[in-house]
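Notes follow once the structure below has been shown.
Here, each number is a calculation from the coordinates, and none is a lab measurement. Quantities reported herein were computed from a predicted structural model and do not represent experimental measurements. Note that each Cβ is placed from the backbone with ideal geometry, even for glycine, and that neighbours are counted across all protein chains shown.
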Amino acid sequence: MSSTETLCLKIPLGREAHAIARQFALEQTTSQKSKQIYLNTLAVYAVYSYLKWMQIDTALEKSDSWHPQKRALFDVADLVIPNIGKLECRPVQPGETAIYLPPEVMKNRIGYVAIQFSERLNEVQLLGFVRTTTISTTSKQISLASLKPLNFLFDCIPNTVAHPALKASQIQVNLSQ
C-alpha cells in the first residue's frame, strides 16, 4: 500500500443491524423509500458499531434516523454524539464516486462519513470523513476522492469523549503484520 492510499475500515453487519433496518423499511409506503431507509439504517449502525468499539459514546436513539416521522419525511442517516453534535453517515453504492447530500443534512452536522456497501450487504467499508466546515454550503455531493482518512473524525471529538489512548491519531499500527 502506498502512503497516498487510504486504509478503509471494514465493519461486519450482523442480524441485529439487518433486523432494525428491515423493521424501519417496512414502515414506509414506497419501495424506493424502504430501500433508502434500509441502507441509511445500516450505514448509521455501522458507524455506531465502530464508535462503540472505539469506546466513544453515542446516542443512537436521539438521532433523526431513529425517529419514525423524521426518517419517513427526510433522507437522514445521522448519529448523535452527545455534547458534540450529529455525524451524517451517508451510504455509497458500489460504483458510485460521490456521496449525495440532501438539503436536510446540510445543517447541524459535524461532518460526513462515507459508507461503502458490499454487494451482499454483509459488511461495509468506512471510506473516510469530511468536516462540514471544509465543504461549500451549496454542495449537493462530496467526491469520494476528497474524503480524509477516518482518523480526522477524532479531531472533532474532545478527549473527554474518547479515551486518549484510543484517539486514532495516536494509534500506531504496523501494517506489514
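If you count, for each residue, the other Cβ atoms within 10 Å and average over each peptide, how do 65-71, 10-16 line up from highest to lowest?
Packing proxy ranking, top to bottom: 65-71, 10-16.
With the Cα gyration tensor of the stretch 3-136 giving a ≥ b ≥ c as the square roots of its eigenvalues, does the rule (a/c under 1.5 for rounded; else a/b larger than b/c for prolate; else oblate) give rounded, prolate or oblate?
rounded
Classify the stretch 11-51 as rounded, prolate or oblate, taking a ≥ b ≥ c as the square roots of the eigenvalues of its Cα gyration tensor: rounded when a/c is under 1.5, otherwise prolate if a/b is larger than b/c and oblate if not.
Prolate shape, in that a/c is at least 1.5 and a/b is the bigger ratio.
Quick query: amide H of A77 versus all other amide H atoms, modeled in the peptide plane; which residues come in under 5 Å with a sequence gap of 5 or more or a different chain?
C89
Take each of the peptides 144-157, 73-86, average the number of other beta-carbon atoms within 10 Å over its residues, and list them starting from the highest. Don't jump to the answer; show the numbers that get you there.
On the way: 144-157: 17.2, 73-86: 19.1.
Peptide ranking by packing, descending: 73-86, 144-157.
By average Cβ neighbour count within 10 Å, what is the ranking of 124-133, 102-111 from highest down?
Details: 124-133: 19.9, 102-111: 15.1.
Listed from highest to lowest mean packing, they are 124-133, 102-111.
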